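Here is the structure we will look at, set down as structure tokens.
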Amino acid sequence: MVDGEILKKILLQVEKPARYLGGEFNLPDTDKPCDERVCLCFADKYEVGMSNIGLRILYHMLNDTDGVVCERCFAPSVDMAQELRKNDIRLFSLETRREFFDFDIVGFSIGFELAYTNVLYMMDLAGVPFRAADRGEDCPLIVAGGPCMVNPAPILDFFDAVLVGEGEVNLASFVALHRECKKQGVGKAEFLRRAALLKGVYVPSVGGKVTRAVVKDLDSAYFPTKILVPSCDIVHDRSTLELFRGCANGCRFCQACFYYRPIRERKKETLLKQAKELIINTGYEELSLSSLSTSDYSQLKGLVDGLKEEAEKENVKLALPSLRLDSFEAEIYEDTKGASLTFAPEAGTQRLRDVINKNVGEKDIESSLKAALAHGVKNVKLYFMIGLPTETEEDLKGIVDIVRLVRRLHAEYGKSRIINITVSTAVFIPKPLTPFQWEAQIPIEEMYAKQDYLKRELKMKNVKYSWHDAKASVIEAALARGDRRQSAVIERAYAEGCVFDSWNECFDYDKWIEAFAYCGINPSEYTGAIPIDRDLAWDFIENGVTKKYLLKEREKAYAGITTPNCIGKCNGCGASKLGGCFV
Amino acid sequence: MIVFRHRKTGEAGYLSHIDAMRVLQRTMRRMRAEVKYSEGFVPHMLTYATTPLPLGVQSVAEYFAADSPLTGEEELLKRFNACVPSGMRADFCAVVGKNPNLVARVVASSYEVRAKETVSQDVLSVLEGREYFMLRNKKGVIEEVEVRDKIFGIEIYGDRLLLTLATGNDNLRVDSFVQSLSRFGVDACASDVTRTEQFVSEGGKFVAAKEILV
């Protein structure tokens, strides 16, 4: 355990020391008798990791298991890392300030490709070798989970096992099996051989195929309501209800939509009960709803009415996430007294929206905006993507036209005096497990040209344009469809000093390009088009949604044919065979 | 109006004032203290604290008031302690008619400093002089300031140093003062300091804030 006296001095030297101390309200009993200690790590700063609902669920789930203690560890900021190194202190857990070596299992939650170097950063600070093959029996099992497991190939060499799918299933069974094996005195290699047979667990040293683990009955699945309440400010500092998993819309660029299928809802009654408990147990002044498309929740009106009543009684603000344009309900919006409206048409023209299967028509946009503006909306945020397959100049012009439409509608119907419009564009990144997984990303020069066009055209009064960094998008794309050769690139990038790549101020494109070059790999091998008959690095994962379905969707995209929302009628994507799809 | 005297020790000692306030306001919500809200465009909870502590300094005597109609000190203390992180538990609660406005009334605080070694008696010479200069960091600018009038008491007990320093509008930062004592060989940092009480001035005498609430 870390020397408290040295730590006291260090903490006075670093920014936001509360990040490294724990001590939050609702802290579980980590001194209880236990035979298994797990450390859940998040490869980003405390304020980002503590906002992650998945980590929150798994942390409390493990701590609510008899005989298991789960602690947390986040990536320390660079100033803290310097102090740790200077004072020869290894990275430690928040709860009991133990090193990685004092745990049975260390699990990383990885939600973003640009967090890969942070995993190495944390391993480095913890004093464990990066590659699983170099770690002996004295090292804890180091495993990974989270959304990046849709294609874990670039990071497989770093982990003893990767947990594909939902942690309520695979992490729980992995920990249970390890406890059993520990009692029997089974060594690491044999344990991993046995773990490879568990659903949703892939062991690189064993190989084979893996099927993504999913919770079949979400309504009765574990969901904590006595959650940690951080003492310092975090990104999403509020209670969150998880309405459902999966998404019925099938936007063809969206990985989350396909990855989180099958679609499973929590009942309205369950959610209202959870909301009540969260409000009482946390003292949070805000409650938000989480899902991929809240408007599609089957009992949204009833839920919002119930929550509104509870929220008013308890002086809690109800925060609704962005709603899909086609099912925007002004009534709900008005009730929540919001002053801003977030729309994500994603593409500027109907043609391109049909290509990407964003099932929103011109009329839907217009009528939704009219309703919102007539209810006094003052701020409109619009999200688009540039570089989508088949995109033309006309589509970019369409983005500008939508902004003009908002201005015109505000002049005609707006209740507020002024309207502030924020336009954000992200660069299309072809992601695994989407119908666009074979597509090319546009070259970086083209990204700049398109961003420059929009910068020019959107120079209008009360319109703010922001864009996603093109360089970061290139590296993200290269890593998203990466293969096992990339582990060397990630190691090299880290050695070159790449860390916190998802933070704009820390991201260093040149170092990444140097790292690729050092390993003799051209990133364009990964950002270019992939022939549809080529084996993909993530083919060893049975994700539910089939390749055949994705190819069919791809063909429809090029033909400009949309696929309807699958609520009510199954489109046969294949996810339901994992169990639980309610459509 | 309810007033608590709570500690800010261990992990909580490293919380900024604004973070600590948020923790206490959420504590009020968890204990269902029915605290009133302001009636402005963005209503906020009507709570009041005393002068912020420098980051790292511990305390066993922070005061926090909330505009709540609840009564019953013993029960309120129990509820508060069940709803607050362990580093901020309270040892005293008072129900008063109106806001005691401690932030304006507190004029001094006592501190205990745990030095690494026995403190030299030379430190007492600070009280004998008419002036005492120390360095102050004001928004990144280091300047020398004279603070003798803000030093009310110094006592030495082996490696313990008891200080009484000005607090409030004419505040003397305890961490800076302790740092200045390194000229006498005192080896201590902010986290070696604990605020032990806050005082208001009554008839020219220092009275513990707690006393005026009873």
- Karplus-derived 3J(HN,Hα), 6.51/-1.76/1.60, for each residue of the stretch A:379-392, Hz, glycine and proline x: 10, 10, 10, 10, 10, 9, 10, 10, x, 5, x, 6, 5, 10
- Item | Under 5 Å, built H, 5+ apart or other chain: amide partners of A:Cys247 | A:Arg261
- Write down the percent of antiparallel bridges among all DSSP beta bridges whose residues are both part of the protein assembly as shown, to the nearest 5. 50
- Task: Quick one: check the C-alpha center-to-center distance for the stretch B:26-87 versus the stretch A:506-528, whole angstrom.
- Result: 53
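Using a Förster distance of 25 angstrom, determine the FRET efficiency expected from the C-beta separation of A:Lys577 and A:Glu269, and round it to 0.05.
On the way: r = 29 Å, r/R0 = 1.14.
Once rounded, the FRET efficiency stands at 0.30.
Please list the three semi-axes, largest first and in whole Å, of the ellipsoid equivalent to chain B, using sqrt of 5 times the eigenvalues of its alpha carbon gyration tensor. Numbers along the way, then the final one.
Numbers: eigenvalues 218, 58, 56 Å².
They are 33, 17, 17 Å, listed largest first.
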- Query: Amide H of A:Leu40: which non-local residues (sequence gap of 5 or more, or other chain) have their own amide H closer than 5 Å, using H built in the peptide plane?
  - Reply: A:Glu71, A:Arg72, A:Cys73, A:Gly107
- May I ask for the distance between the Cα centers of the stretch A:531-583 and the stretch A:76-104, given as a whole number of Å? 43
- Task: Would you mind checking the tilt of helix B:17-30 against the longest principal axis of the Cα atoms of chain B, expressed as 0 to 90 degrees and rounded to 10?
- Result: 30
- Where does each of A:Trp512, A:Trp538 land when they are ranked from fewest to most other beta-carbon atoms within 10 angstrom? A:Trp538, A:Trp512
- Query: Can you work out ³J(HN,Hα) from phi for every residue in the stretch A:406-415, in order, using Karplus 6.51 cos²θ - 1.76 cosθ + 1.60 and θ = phi - 60°, giving whole Hz and x for Gly and Pro?
  - Reply: 4, 5, 5, 5, 5, 4, 7, 10, x, 8
- Message: Can you work out the Karplus-derived ³J(HN,Hα) for every residue in the stretch A:166-180? Use 6.51 cos²θ - 1.76 cosθ + 1.60 with θ = phi - 60°, whole Hz, and x for glycine or proline.
- Response: 8, x, 4, 9, 7, 5, 4, 6, 5, 5, 4, 5, 5, 4, 4
- Which value, to two decimals, describes the C-alpha radius of gyration of the stretch A:536-583 once divided by 2.2 N^0.38 Å? 1.26
- Message: For a quick check: with amide H placed at 1.01 Å from N, whose amide H comes under 5 Å from B:Ser59's, ignoring anything fewer than 5 positions away on the same chain?
- Response: B:Lys8, B:Thr9, B:Arg195
- Violations at 29 Å Cα threshold for listed pairs A:Lys183/A:Lys267; A:Lys16/B:Lys98; A:Lys450/A:Lys511; A:Lys273/B:Lys36; A:Lys209/A:Lys552 -> A:Lys183/A:Lys267; A:Lys16/B:Lys98
- Message: Net charge within 12 Å of A:Asp469 by Cβ-Cβ distance, Lys/Arg positive one each and Asp/Glu negative one each, not counting A:Asp469 itself?
- Response: -3
- Item | 0 to 90° range, to nearest 10: angle between helix A:509-518 axis and chain A longest Cα axis | 60
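Tell me which GluC sites (Glu not before Pro) from the stretch B:96-201 have a DSSP coil assignment and no more than 13 other beta carbons within 10 Å of their own. Numbers along the way, then the final one.
Working: sites: B:Glu112, B:Glu117, B:Glu128, B:Glu131, B:Glu143, B:Glu144, B:Glu146, B:Glu155, B:Glu197; in loops: B:Glu117, B:Glu131.
Here the sparse-neighbourhood loop sites are B:Glu117, B:Glu131.
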- What percent does the relative contact order of chain A come to when contacts are Cα pairs within less than 8 Å and at least six residues apart? 14
- Note on the structure: By the mean-Cβ-within-10 Å protection proxy, highest first, B:88-100, A:418-430, A:469-481 rank as A:469-481, A:418-430, B:88-100
- Query: Tally Lys/Arg at +1 and Asp/Glu at -1 over every other residue whose Cβ is under 10 Å from the Cβ of B:Met1; what's the total?
  - Reply: +1
- Message: Just to confirm a number: summing +1 for Lys and Arg and -1 for Asp and Glu over residues other than A:Glu168 whose beta-carbon lies under 14 angstrom from that of A:Glu168, what do you get?
- Response: +2
- Item | Viscosity 1.002 mPa s, 20 °C: Kirkwood-radius Stokes-Einstein D of the stretch A:371-420 over Cα pairs, µm²/s | 178
- Note on the structure: Per principal axis, largest first, the Cα atoms of the stretch B:2-100 extend in Å by 34, 34, 24
- Tail fraction, Cα-Cα pairs, the stretch A:390-533, threshold 20 Å, whole percent: 58
- Task: In Å and from the alpha-carbon atoms only, list the Rg and Dmax of the stretch B:105-209.
- Result: 13.4, 38
- Query: How big is the stretch A:184-270 in terms of Cα radius of gyration and Dmax, in angstroms?
  - Reply: 18.1, 49
- Message: Please report, in whole Å³, the volume per residue of the convex hull around the C-alpha atoms of the protein assembly as shown.
- Response: 183
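Neighbouring Cβ atoms within 10 Å as the yardstick, rank B:Ser180, B:Ser120 fewest first. Can you show the working numbers first?
On the way: B:Ser180 17, B:Ser120 14.
In increasing order of surrounding Cβ atoms, one gets B:Ser120, B:Ser180.
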- Tell me, what is the percent relative contact order of chain B, built from C-alpha pairs under 8 Å that lie six or more residues apart? 25
- Does anyone have the angle between helix B:73-83 and the longest principal axis of chain B? Alpha-carbon axes, 0 to 90°, nearest 10? 80
- Query: Counting every Cα pair in the stretch A:4-209, what percent are over 23 Å apart?
  - Reply: 41
- Message: What does DSSP give for the stretch A:4-209 in terms of the percent of beta bridges that are antiparallel, rounded to the nearest 5?
- Response: 15
- Mean other chain Cβ within 10 Å across B:29-40 is 2
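Throughout, read-outs are computed from the coordinates displayed, never taken from laboratory work. The model shown is predicted, which means the values in this text are computed figures rather than measured ones. Positions of Cβ are generated from backbone atoms using ideal geometry, with glycine treated the same way; all protein chains shown enter the neighbour counts.
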